[in-house]
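Working notes, beginning with the structure itself.
The values are calculated or read from the model by the stated rules, or taken from the named source; none is laboratory data. Everything numeric in this text was worked out from a predicted model, so none of it was measured. Cβ atoms come from the backbone with ideal geometry, glycine included; neighbour counts cover every protein chain shown. Accessible surface areas use protein heavy atoms only, side chains included; no ligands, DNA or RNA. Shrake-Rupley method; radii C 1.70, N 1.55, O 1.52, S 1.80 Å.
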Amino acid sequence: MAFTMFGRTIRKIGVIGSGNIGPDIGLHFSQNLYSFGVPVVVVDILQAALDAGSKKTESKMVKAAERGIFKKEEADTIFKNMLFTADYGKLADADFVIEAAFERMDVKHKIFDQCQVTCPKTAIFASNSSHMVPEEIFQKREDKGRCLVIHYFFPAERNVLVEVVPGKDTDPGLTEYLMKFYEYIGKAPIKVKSRYGYAVDPIFEGLFLATVLTVEKGLASIKQADAIASKTLGMGVGPFTAHNLAGGNPITQHGLSEMNTKIMPWYRSPKILDDQVKSGKPWETAGKGEVVEYSPEIYEAVSNRIMGAYFGMACEIVESGITNIGDLEMALDVGLVMVPPFGMMNRVGVKKALELVEAYAKENSGFKIAETLKKQAALGQPWKIPVVFREDKGDVALVKIRRPKVLNALNENVFEQLREIFINIQKDPKIQGAVLTGFGTRAFVSGADIGMLASQKTPEEAEAFCLKSQGVLNMIENLGKPIVCAMNGLAFGGGNEMAMACTARIAKKGQKIFVSQPEPRLGIIPGNGGTQRLPRLVGMEKAWPMLRNANPISSAQAKEIGLIQEEVEGDLIEVAINWVKKIGSGEVRVPMIKKDPIPIPSKLPEVDIGHLSRKIDFLLQRAVLEGAKMTLEEGLKLEAKIFGECLLTQDMKIGIENFMKNGPRVNANFVHN
Ligand SMILES: NC(=O)c1ccc[n+]([C@@H]2O[C@H](COP(=O)([O-])OP(=O)(O)OC[C@H]3O[C@@H](n4cnc5c(N)ncnc54)[C@H](O)[C@@H]3O)[C@@H](O)[C@H]2O)c1
């Protein structure tokens, strides 16, 4: 068996190095590819390392089964799908090899010499180096097209971030393949140009340096600086604690020294880090539950410096051109789990951010102030942070919503960027249509951002808010070019409403929980056309229970009732692009949504609304039944108005508060149920 998708076949995966991270990289592959029959081989030269790696992996899978993340048999199979061996010969049929051995150039050269002899001539060669550029790691390889860096983050089986770093000779087709492959197996990959440390480690290690420097300057103790850095940037643990946990002092010491000449002279290994590495001891951080005290003055002194360094480093990295604001923002959010810098600068104010960076540069020689930051501050505008991306595939634009932490939930930023992108698509004579999709494999769009719903203050405000986002969907619907929604995962609430505004919908096959209009659970009604477009697309009888009981349906059911055109096995985007072409050429016709009033059957099915609010259900019924007697345009306006009326009920407050506190699984205790 094998994993064949996106134009390549992978029969076996090899991971070289069974130290801290190698087994975790292997485990992630095994978890995601065992069902395709792709075994994972972990090779090390030390039997002790292999034994330790195998033991750690087995215990992780035992725990995963205990916690119900995997069924017991599944967990066993995933572990048994991995082989820990000292025999490089086992890589003879590996189509993808990733090296995670010592961070030493000579070791990496030697390993790939060996792989060149052992592995197939077409195998992908990747290094999980933390810093080193692919041009140097693979300098001895003649066929550099298949070589690149793929940088994982701790803990590699759970942390979704990977940096994909092609060298100047890496085949761009391979890079594109790996971006799709990693997204498919549940990672959030970013493509980074080759530079020492890539995009993320100069920030991770640089923040450690900035924190250490506040201690060296006598502004705070290690415990205080650690706690203040963690609070300032919303990190789970401070930089000192993080280094203790990952045993990261030596690697950061080395990285910071190299960045001095390779990035900017501010980077260096500070004396107390050198001393600590020499002693081999961990930092003296706060014990579990220990409260660290500091005065407001200490907090401000440390926090301002941390922010100055953070903003300055982020702008330098983007200005260097190796990455962009959208990718760096997502990477720091999901990979390092800290408040991402550009959004933070927008909240602090870009002018104020520049002041903090200038103050930092004044005090720290060799710290660069990026020109882009000066320009942005002079403009007096916030940074634009992309969350919707357009990539043209010939004459079809691929539009992707990417907010992995919230499963691509819709907020004002998403709507605004969609509007801008679709206006450009409409005007672009080279583009015949578009595919609209979401990032990852779990969700197309999980719904509307709950914070955005909660921030509506009056019925009028809520009505205007609906009309505005409806406007974007109306624009998509009436673009004059085919838009096919590639539903890569579930589509709840606003997600389904957005899909229904597209010309056609196709979905990844076999989704048990796929589409729902869960609004009544939150004490609201759909506000982006759900009450109007669903009955028009699938008929009133089928839409009636879906809208009122808020229960999800599967992708197979969605196909059966005509909500989607196709369930797809394999490459969803490729199939979606074909749909756009076929609709564009007239080869396939998809019925247009009815814009006139639609008939209401004399008898509608009985619906058990269970624990849901009767008051909200009453409003919902009004929107659906009165809207059916109107044109689609009028019906949408009515829906927005009734959405606003939900604000007058106590149940909306109860529903939203319950959702924010307990998530979607706990029923709200509505007054009117
Ligand atoms: N640990 C992390 O969190 C992390 C994160 C990102 C990247 N990295 C990078 O991943 C790589 C591995 O890091 P680590 O922390 O697991 O290192 P480690 O020192 O814990 O493990 C390295 C392993 O490689 C083995 N090895 C050495 N030479 C070998 C050879 N010729 N053939 C096969 N195995 C060999 C060693 O025996 C050892 O078990 C490094 O390049 C590091 O910079 C590590």
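When every residue of region 360-373 is checked against the conditions, none turns out to be under 24 Å from I564 (Cα atoms), modelled with pLDDT of 95 or more and in a loop (DSSP other than H, G, I, E, B).
Residue count for region 133-154, restricted to those that are open to solvent by 20 Å² or more (accessible area, probe 1.4 Å), under 18 Å from H254 (Cα atoms) and in contact with a helix residue (DSSP H, G or I) (Cβ under 7 Å, 6 or more places away or on another chain): 1. Only a single criterion out of (1) out of contact with any helix residue (DSSP H, G or I) (no Cβ under 8 Å at 6 or more places or on another chain); (2) under 27 Å from K629 (Cβ atoms); (3) open to solvent by 40 Å² or more (accessible area, probe 1.4 Å) is not satisfied by A499, namely (3). Is region 258-273 home to any residue that is assigned to a helix (DSSP H, G or I), farther than 24 Å from M132 by Cα and open to solvent by less than 60 Å² (accessible area, probe 1.4 Å)? Checked region 258-273: at least one residue is assigned to a helix (DSSP H, G or I), farther than 24 Å from M132 by Cα and open to solvent by less than 60 Å² (accessible area, probe 1.4 Å).
Counting residues in region 415-424 that are touching a residue at least 24 places away in the same chain (Cβ under 8 Å) and within 19 Å of E639 (Cβ to Cβ) gives one or more. Within region 77-100, the set of residues being among the acidic types (D, E) and open to solvent by 60 Å² or more (accessible area, probe 1.4 Å) comprises D87, D93. Does G539 satisfy the condition of being over 30 Å from I431 (Cα atoms), open to solvent by less than 40 Å² (accessible area, probe 1.4 Å) and touching a residue at least 60 places away in the same chain (Cβ under 8 Å)? Criteria not met by G539. Has region 57-74 got any residue that is touching a helix residue (DSSP H, G or I) at 6+ places or on another chain (Cβ under 8 Å) and within 27 Å of T122 (Cβ to Cβ)? The answer is no; no qualifying residue exists. Of everything listed in (1) surrounded by fewer than 23 Cβ atoms within 10 Å (Cβ to Cβ); (2) under 21 Å from L619 (Cβ atoms); (3) acidic (D, E), the single unmet condition for E560 is (2). With respect to (1) surrounded by fewer than 16 Cβ atoms within 10 Å (Cβ to Cβ); (2) touching a His at 6+ places or on another chain (Cβ under 6 Å); (3) of a type outside the set (A, V, I, L, M, F, W, C), the lone exception for K615 is condition (1).
Can you list residue pairs whose Cβ atoms sit under 6 Å apart, with the first residue in region 655-668 being surrounded by 14 or more Cβ atoms within 10 Å (Cβ to Cβ) and the second being of a type in the set (G, A, S) and in a helix (DSSP H, G or I)? Count only pairs 6 or more apart in sequence or on different chains. These pairs meet every condition: I656/A454; A668/G655. For region 1-43, a residue qualifies if it is open to solvent by less than 10 Å² (accessible area, probe 1.4 Å), more than 24 Å from the chain's Cα centre (by Cα) and either away from the ligand (no atom under 16 Å from the Cβ) or over 22 Å from T122 (Cβ atoms) (or both), and the qualifying residues are I10, G17, S18, V38. Does region 418-425 contain any residue that is part of a helix (DSSP H, G or I) and of a type in the set (K, R)? Looking through region 418-425, at least one residue is part of a helix (DSSP H, G or I) and of a type in the set (K, R). Taking the criterion of being under 27 Å from the mean Cα position of the chain (by Cα) and either open to solvent by 30 Å² or more (accessible area, probe 1.4 Å) or among the acidic types (D, E) (or both), the residues of region 464-473 that qualify are F465, K468, G471.
Within region 426-461, restricting attention to residues that are at pLDDT below 90 and buried (at least 22 other Cβ atoms within 10 Å of the Cβ), which residue is nearest to G530 (Cα to Cα)? In this case the residue turns out to be L453. Residue count for region 296-315 under the criterion of being farther than 12 Å from G206 by Cα, open to solvent by less than 30 Å² (accessible area, probe 1.4 Å) and not aliphatic (A, V, I, L, M): the result is 2.
Restricting attention to region 158-169, the residues that are more than 16 Å from Y198 (Cα to Cα) and away from the ligand (no atom under 16 Å from the Cβ) total 1. The residue of region 110-157 that is farthest from the ligand (Cβ to nearest atom), among those that are farther than 21 Å from D44 by Cβ and part of a helix (DSSP H, G or I), is G145.
Only one entry of D76, D95, D44 meets the criterion of being touching a strand residue (DSSP E or B) at 6+ places or on another chain (Cβ under 9 Å), free of Cβ contacts under 8 Å to residues at least 60 places away in the same chain and not hydroxyl-bearing (S, T, Y), and that entry is D44. On the basis of being open to solvent by 70 Å² or more (accessible area, probe 1.4 Å), modelled with pLDDT of 95 or more and away from the ligand (no atom under 16 Å from the Cβ), does E74 make the cut? No; evaluated as a whole, the condition is false for this residue. Only one entry in E329, E319, E293 is of a type in the set (D, E) and buried (at least 18 other Cβ atoms within 10 Å of the Cβ), namely E329. In summary, R622 fulfils each of the numbered conditions (1) surrounded by 13 or more Cβ atoms within 10 Å (Cβ to Cβ); (2) in a loop (DSSP other than H, G, I, E, B) with the single exception of condition (2). When you scan region 349-369, do you find a residue that is surrounded by 14 or more Cβ atoms within 10 Å (Cβ to Cβ), in contact (Cβ under 8 Å) with a residue 12 or more places away in the chain, under 18 Å from D201 (Cβ atoms) and in contact with a helix residue (DSSP H, G or I) (Cβ under 6 Å, 6 or more places away or on another chain), even just one? Yes, because at least one residue in region 349-369 is surrounded by 14 or more Cβ atoms within 10 Å (Cβ to Cβ), in contact (Cβ under 8 Å) with a residue 12 or more places away in the chain, under 18 Å from D201 (Cβ atoms) and in contact with a helix residue (DSSP H, G or I) (Cβ under 6 Å, 6 or more places away or on another chain). Pairs needed: first member in region 150-175, on the phi < 0 side of the Ramachandran plot; second member anywhere, more than 16 Å from the ligand (Cβ to nearest atom) and assigned to a strand (DSSP E or B); C-beta distance under 7 Å; at least 6 residues apart or different chains. Qualifying pairs under 7 Å: V164/K191; L174/I124; T175/P166; T175/K191. Residues in region 199-229 that are open to solvent by 20 Å² or more (accessible area, probe 1.4 Å), in a helix (DSSP H, G or I) and among the small types (G, A, S): A227 alone. Against the numbered list (1) under 25 Å from Q224 (Cα atoms); (2) outside any loop (DSSP other than H, G, I, E, B); (3) among the acidic types (D, E), E316 comes up short only at (1).
Mind listing whichever residues of region 639-650 are modelled with pLDDT of 95 or more and either surrounded by fewer than 19 Cβ atoms within 10 Å (Cβ to Cβ) or acidic (D, E) (or both)? Passing the criteria: E639, K641, E645.
Of A86, A64, all but one fail to be at pLDDT 95 or above, among the aliphatic types (A, V, I, L, M) and within 10 Å of the ligand (Cβ to nearest atom); the exception is A86. Reported count of residues in region 572-598, each being open to solvent by 80 Å² or more (accessible area, probe 1.4 Å), assigned to a helix (DSSP H, G or I) and in contact with a Lys or Arg (Cβ under 7 Å, 6 or more places away or on another chain), is 0.
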